Structures are given as structure tokens and as C-alpha cells.
Amino acid sequence: MPARLDKDHELIQKAQRGDTHAFGDLYESHAPVIFRYLFAHLDSRMDAEDLTGEVFLKAWQSLPKYTERGVPFLAFLFRIARNVLVDHYRQSNRLESKSPDELDGYKEEGNSEPVELIGNQMEHQKIIRVLTTLRPDYQSVLTLRFISELSPEETAQVMKRSVGAIRVLQHRALTALRQEIEKTG
Amino acid sequence: MYIDQRIDKILEIFTPAIENGQETIDSIVEKYPQYANVLRPRLEALLWLVSAKKNLEPRTGFTSSSRQYMEQQFKSFQPRNFWQRVFSRYTPQRWVFNFTAPVIVILLLALVINSAILTARLSIPGDPLYSTKLVIEDIQLAFTFNLVDKTDLYLQFSRERTTEFVELVLEGDYELLPPAANRLETEIIASLHSINDIPLQNQTVEQPMIMELKETLTNEIFMLNMLKGTSPTTAYPGIELAIQVAQSGLMALR
């Protein structure tokens, strides 16, 4: 963890001086984590990819304002990601998850076989369906901790709560998720 | 709380092992039989999340292939400081519009208000803006604190009432003559009071004012007597009332 923070720190300083390549390095190392978080809340893989780009673009433009005082870069990215997700919901009015028939993303994944693709989409829909039955704070803590693999400290910074509160929330969320899995089979 | 922390530690330690398939739920629970009841459901939920994570991974090569495009985007959307953001928001035309639009609106508003005041000043009893004229006069009086200036205003308003009365007679609005005569009386009384209030030291100012009021009232009486001869009998009561008011004013001045 400290090695990652040190590397981030160095790259951020370069990026703040206008080095786009350094920010590209930050993009390459953190984009998958942001993507997973976004895709856990969205129907479409394409939307998740677009929004991942948007998150980094906003982060790049807000970089002069960013100071590392107590907030790691990843937490800063997740705060932007949460806002981008809220904006996306507002714009597209897609709070309700869609049925598999309505999903797009078929054409973008030209390398996959259609049958495999539909299987993946149905699996993804099932994940979203289960997660969306949980309380919003449970969804957030589970996706941040286990899908995006943030530490309890980083999760606490993103959700603006104490580490202890995150631990309690996480246990409650896991219990609620287990009950939900049992219900849906 | 202690159990929660312990379980949290166990989950943190064994999550990578579960992901890699090195450990199973049973093998972990066997290591911590004292927490079995609490640990098992959470491990099951964790296992579900681990498998969900695999479905949420980005396409192979997504980040590396999109990186080049993103770097180009970063180049074209360079971060800007506060002033750059403020100035880039509007084009020069927009700035000109933002500046000129309020100026034009203010000028138009001033023009409309000014026209309304001028129209009101020229109005006579019965006109829609006459009450505005009286309000403007009251405001003028309220904001004049010097006694001499105030007296001067009263004299000016008395002259105004006499002119209005003559205009009413000329226009044939005879039904409006009695209230106009009453307003003239009020204004003359106010002028007389105001002249009386001027201190003795200001005699040099007082005398010309008295002369001015006398002249106004004498002219009014002369004009009204002239008009009485050419007006119908229905106008007589109003005109006579005004003549009496003016004569009373002259008497008081003597």
C-alpha cells in the first residue's frame, strides 16, 4: 500500500505540472478499479467505460485543486466517480435496472461469442439485481471494499465515515447480502 | 466489537486466498471454529462478491487501449486556474452582451420613469397620473429640510394649483372645480404657515416670498373674474369658491 501511495504521489506531482503521460500512468493503474465500481452500478459495459473516462477527465481538470492532505488519490477518484454516477442517473433516468433483452453492449464485444456474451450479461444483471436490493450504503461499502478492493481506511475516506463505522457497516452489509443471496437462490 | 474486528481481519487475510482458490469456506471455518456461526454466512457473501468481481472486470486490454485516447483528451482539456475558467466561459461577444444588456435595461427604465414623472407633472385633476403628481410633491416636501426652501416649494405648489384651476375652467371640467378650490385653499394655508415660520432674521427672504404669493393670488383673482364672464352658470359656484379662497389668502397676507 505505501509503495502504491508513493508511486501515486510522484505521478500526481508530475501530472500537476502538466505531464499527461504521468496522468496516463495513473489512469492505467486505477482505471480497472474505477471501472468495476461503476459497472457494479450500471447496466451497460459501454456506459461504464465512458464514465470511467469521464471520471479521469474530471480528475485531470480538478488536479490543480487536489492536495494530498489526508485524502489518497484513489479516494479522490472515487468521490468523483460517485458524483459522475449520480449525474448519469439524473441524465438518463435509469435508476431501474433493465431486463437482459434491453441491454446493449453486444456489438462492442465483437471478440466474444454471442452465447457467451448473453451469459455474461445475464450474470451481470443478476449481480446488479441482488446489489440493488440492498440499502445504498450497504451497496457502497460492499462495492468499494470487495469489488474495488479499497482498504477500510480508503473506504472510510470515500464514504466520509470513521473506519470503525465502515467495519460495522461492512458486517451488516455482508449479512444482508447473504440473506439476499439465499432469497434469490 | 472485538468479534467484528477479528472477523474483519480474517476476511482481509483470506480474501486473496479465496480468490485464488487456495482456501475454501470450510477450510477457513475449520481454522476458527469458535466463530463458525458468524463467519460462515459472511464468507459465503464474500465468495459471492469475489465471483461477482470477475464478471465486473473490464475488457482485456481496455485500459491500455484507451490510455492513448485519454492522454489526447488530457492534452486538449488542460487544467485551468480560476481566472482562466471564468474568462473561458464566455466569448467576447457574450461579455459585450453581459455588459450592454443591463446598461440598456437601466437606461430604458430611467427613460420610462422620467417620462412618467414628466407626464405626471403636466397632469391636472381628473388625469390618471394626477395622484402621482401629488405624491411626487409630498416626497419633494418630505426631503426638503431647509425652511426657506420648503416655503419656496409651498409657493410653487400654490402657483401650480392656481394654474390647474384655470386649466380646468378652460377645459370645461366644472364638476372638478370645488375639490380643486379646496386643494388651492390647503396649499395657500400651508404657504402662509410656512412664511410665518421663517425667523425674523430672514426678513430679506420673507418679503419677496410674500410679494410672490400676493402676485399669484391677484393674478388668479383677475383670471377667474375674466373666465367667470365667459363660463356657463354651472361653473359659477366653483369659480366663486376659488375667488373667495384667493381673496382670503390676500387678506391674510395684508
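Quick notes
- Summed over all non-identical Cα pairs, the Kirkwood treatment of chain B gives a radius of 27.6 Å.
- Shape annotation for segment B:60-127: C-alpha extents along the principal axes are 89, 24, 17 Å, from largest to smallest.
- In summary, the lysines within cross-link reach of A:Lys126, defined as a Cα separation below 27 angstrom excluding same-chain residues under 8 places away, comprise A:Lys98, A:Lys107, A:Lys183, B:Lys53, B:Lys54.
- Counting other Cβ atoms within 10 Å as a rough exposure proxy, the listed residues B:Phe222, A:Phe78, B:Phe145 run B:Phe145, B:Phe222, A:Phe78 from fewest neighbours to most.
- Within segment A:1-95: Cβ-based charge dipole about Cα centre, in debye rounded to nearest 20 (Lys, Arg +1; Asp, Glu -1): 320
- Label-point gap, in nm, between B:Phe97 and B:Glu171 - each point 7 angstrom along Cα→Cβ: 4.6
- Where the Cα pairs of the protein assembly as shown fall when distances are cut into 20 Å bins, in %: 19, 29, 10, 13, 21, 8, 0
- Peptide B:37-46 is shielded by partner chain Cβ atoms: per residue, an average of 4 of them sit within 10 Å of its Cβ.
- Over all other residues within a Cβ to Cβ distance under 10 Å of A:Leu169, the charged ones net out to +4, with Lys and Arg as +1 and Asp and Glu as -1.
- If only the Cβ of Lys and Arg carry +1 and only the Cβ of Asp and Glu carry -1, the dipole of the protein assembly as shown around its Cα centre is close to 1720 debye.
- Cβ-based charge dipole, the protein assembly as shown, positive-most Cα from A:Gln121, B:Thr216, A:Pro136: A:Gln121
- Residue by residue along A:50-56, Cβ atoms of other protein chains within 10 Å of the local Cβ number 2 on average.
- Which listed pairs, of A:Lys14/B:Lys9; A:Lys7/B:Lys31; A:Lys58/A:Lys160; B:Lys133/B:Lys228, have C-alpha distances above 25 Å, in listed order: A:Lys14/B:Lys9; A:Lys7/B:Lys31; B:Lys133/B:Lys228
- Rounded to the nearest 20 debye, the dipole magnitude of chain B is 1920 debye, with +1 charges on Lys and Arg beta carbons, -1 on Asp and Glu beta carbons, and the Cα centre as origin.
- Inter-chain Cβ neighbour count for B:68-74, averaged per residue, equals 6 (cutoff 10 Å, partner chain atoms only).
- Neighbour counting of Cβ atoms within 10 Å sorts the residues A:Arg17, B:Arg6, A:Arg178, fewest neighbours leading, into A:Arg17, B:Arg6, A:Arg178.
- Expressed per residue, the C-alpha convex hull volume of segment A:1-95 stands at 96 Å³.
- Whole-percent pair-distance distribution, where bins are 5 Å wide, for the alpha carbons of segment B:2-55: 4, 20, 35, 25, 11, 4, 0
- Cβ-to-Cβ counts within 10 Å put A:Val84, B:Val86 in ascending order as B:Val86, A:Val84, the fewest first.
- Segment B:122-253 - Rg and Dmax from Cα coordinates, angstrom: 15.1, 49
- Mean ellipticity per residue at 222 nm, deg cm²/dmol - from DSSP H runs of n ≥ 4 across chain B, formula -39500 (n - 2.57): -27500 deg cm²/dmol
- Counting only alpha carbon atoms, the long axis of helix B:203-230 and the longest principal axis of chain B meet at about 70°.
Any read-out appearing in this document is the output of simple, stated calculations on the displayed coordinates, not a laboratory observation. These numbers were taken from a predicted model, which means no experiment stands behind them. All Cβ positions, glycine included, derive from the backbone under ideal geometry; neighbour counts span all protein chains shown.
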